[in-house]
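Below is one structure, written out as structure tokens, with a few remarks after it.
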Amino acid sequence: MADDDLLKLKIDKSTGEIKKVTRRRKFILWGGMSAFLLTGAVILYIGGWLGPAISVEVSTVSQVYPSQSFSLLNASGYIVAQRKAAVASKVTGRLVALMVEEGNRIRKGQIIARLENDDVVASKAQSEANLKVSAANLNQAKAELEEATLSHNRNKNLISKSYISQSEFDSSEARYRRTVAAVQAAEAALKASQAAVRGADVALEYTYIRAPFDAVVLTKNADIGDIVTPLGAAANAKAAVVTIADMNSLQVEIDVSETNISLVKVGQPCEINLDALPDTRFRGEVHAIVPTVDRSKATVMVKVKITDKDPRMLPDMSAKVSFLSRSLRPDEQKPRVAVNKLALLSRSNRHAVFVIEGNQVREKNVTTGENLGDMIEIRDGVNPGEKVVMKPPSSLKDGARIKIAEK
């Protein structure tokens, strides 16, 4: 039985052959995959995908104005109304009406407010009544003068013929002279009454507060019920009712360092940029150089007239002014897309820049325009706000990984 069992033991040679074939196939498969991965890695490395990140400097595509290339000096200041007034009353009284509020546009002579004026109105009525009495007295005196004149002339004829006595003639002459004097007195009284009426009109007018010029109301300083007085010395009294400014008189006032004042002259063209309106540039010119130096700041005040006025301009807005070497042409008044010249690449007959996208760069062809100082106009290819590589190294390729150099 044992021999029979030993005879049954056999080595299966076919299974060993299969295992050898399987191992050989796995080796070939892994070898092929390794070669593929190595080739891909080499390709990626050459393309910059697996290479070390290249350190680069960055600049931003921006919108610039052509005036920046011929600006001689930049300075900051504020918009100031050259005609500004705190409108008050000439007399003391209680404010009973206020017809305007902040932001209202008013015309010269327009009534802004009114003070309590019942006593002034009564005084004017009395003056007008006195004027009527004076006029009536004058008419009566003239009538008496006319009668006395006729009587006196008649007596002259009679006395020449000795028809009346000398005493009668003297009496008529004296009456004539009295009536002449009475007329003169009545005329003087009439003039006095007329002057009193004019004075009452003036006093009444003082209770009306009018705009001294065309302007816009900036602030309201008093309200109905307040006591308004010219000096504002009384407790809780108001001196000014409103503060107004002539918006047509707006100018930019700038403090220019005395070391740079030689770069500024009257009539010089300027470009004005308001912080409140950053997307718009306004033309201007130097209106005046105030001949006084501020010792504490070593500056000279320069006033710049605004050529292109805008209704959105308000007093005390901050402004930046560029003093230009020449006037702007019409085509130079709009912003242009530009990039630093050091970011530009020359590729045979074309120009390009490396635009940063995440931690990689993309090479983009661009169309260039005019030189704008250290910038160059880009007419097509990139948009404002995009980041580009400054001074791109020769090793930089499209799709390469980059890191931004620390300044």
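Residue pairs whose Cβ atoms lie under 8 Å apart, sitting 6 or more positions apart in sequence or on different chains, and linking a residue in the range 144-168 that is more than 20 Å from Ala186 (Cβ to Cβ) to a partner that is exposed (fewer than 13 other Cβ atoms within 10 Å of the Cβ), are Ile159/Gln166. In the range 301-324, the residues that are closer than 14 Å to Val256 by Cβ reach residues that are among the β-branched types (Val, Ile, Thr) and in a loop (DSSP other than H, G, I, E, B) with C-beta atoms within less than 9 angstrom, at least six apart or across chains, in these pairs: Val302/Val264; Phe323/Val264. A search for C-beta distances below 8 Å between a residue of the range 177-191 that is within 9 Å of Ala135 (Cα to Cα) and any residue that is hydrophobic (A, V, I, L, M, F, W, C), counting only pairs 6+ apart in sequence or on different chains, returns Ala186/Leu138; Ala186/Ala141; Glu187/Leu138; Ala189/Leu138; Leu190/Leu131; Leu190/Ala135; Leu190/Leu138. Scanning the range 247-264 for residues that are of a type outside the set (A, V, I, L, M) and either within 30 Å of Ala298 (Cβ to Cβ) or at pLDDT 95 or above (or both) yields Ser249, Gln251, Glu253, Asp255, Ser257, Glu258, Thr259, Asn260, Ser262. Filtering the range 176-208 to residues that are closer than 28 Å to Thr229 by Cα and part of a helix (DSSP H, G or I) leaves Ala195, Ala196, Val197, Arg198, Gly199, Ala200, Asp201, Val202, Ala203, Leu204, Glu205, Tyr206.
Select, from Ser322, Ser327, the only residue that is at pLDDT 85 or above and touching a Leu at 6+ places or on another chain (Cβ under 9 Å).
Working: Ser327 fails: touching a Leu at 6+ places or on another chain (Cβ under 9 Å).
Step by step, each of Ser322, Ser327 is checked, and only Ser322 is at pLDDT 85 or above and touching a Leu at 6+ places or on another chain (Cβ under 9 Å).
Can you spot a residue in the range 321-329 that is among the basic types (Lys, Arg), under 30 Å from Ala215 (Cα atoms) and not assigned by TED's automatic domain parsing to the domain that holds Ile378? Looking through the range 321-329, none of the residues is among the basic types (Lys, Arg), under 30 Å from Ala215 (Cα atoms) and not assigned by TED's automatic domain parsing to the domain that holds Ile378. Among the residues of the range 265-308, those identified as of a type in the set (D, E, K, R) and surrounded by 12 or more Cβ atoms within 10 Å (Cβ to Cβ) are Glu271, Arg281, Arg283, Glu285, Asp294, Lys303, Lys305, Asp308.
Select, from Gly267, Gly232, the only residue that is small (Gly, Ala, Ser) and modelled with pLDDT under 90. Give the derivation first.
Working: Gly267 fails: modelled with pLDDT under 90.
Sole residue among the options that is small (Gly, Ala, Ser) and modelled with pLDDT under 90: Gly232.
Scanning the range 148-176 for residues that are surrounded by 13 or more Cβ atoms within 10 Å (Cβ to Cβ) and closer than 30 Å to Asn130 by Cα returns Ala148, Thr149, Arg175, Tyr176.
Consider Lys108 carefully, then state whether it is in a helix (DSSP H, G or I), of a type in the set (D, E, K, R), closer than 30 Å to Asp226 by Cβ and outside the structural domain of Leu314 (by TED's automatic domain parsing). No.
Within the range 312-331, track down each residue that is in a strand (DSSP E or B) and not polar (S, T, N, Q).
Within the range 312-331, the first condition is being in a strand (DSSP E or B), and the residues that meet it are 318-324.
Answer for the range 312-331, where residues must be in a strand (DSSP E or B) and not polar (S, T, N, Q): Ala319, Lys320, Val321, Phe323, Leu324.
Screening the range 96-147 for residues that are in contact with a Phe, Trp or Tyr (Cβ under 7 Å, 6 or more places away or on another chain) and within 17 Å of Asp201 (Cα to Cα) and picking the one that is surrounded by the fewest Cβ atoms within 10 Å (Cβ to Cβ) gives Ile111. Just to confirm my filter: which strands (runs of 3 or more DSSP E) fall fully inside the range 255-310 and include at least 1 residues that are over 17 Å from Asn74 (Cα atoms)? Answer list for the range 255-310: 277-294.
Among the residues of the range 309-325, write down those that are surrounded by fewer than 19 Cβ atoms within 10 Å (Cβ to Cβ) and under 13 Å from the mean Cα position of the chain (by Cα).
So in the range 309-325, the residues surrounded by fewer than 19 Cβ atoms within 10 Å (Cβ to Cβ) come out as 309-312, 314-318, 320, 325.
Selection gives Lys309, Asp310, Pro311, Arg312, Leu314, Pro315, Asp316, Met317, Ser318, Lys320.
The values are calculated or read from the model by the stated rules, or taken from the named source; none is laboratory data. Computed from a predicted model, the values in this text were never measured in an experiment. So basically every Cβ, Gly included, is an ideal-geometry build from the backbone, and we count neighbours across all protein chains shown.
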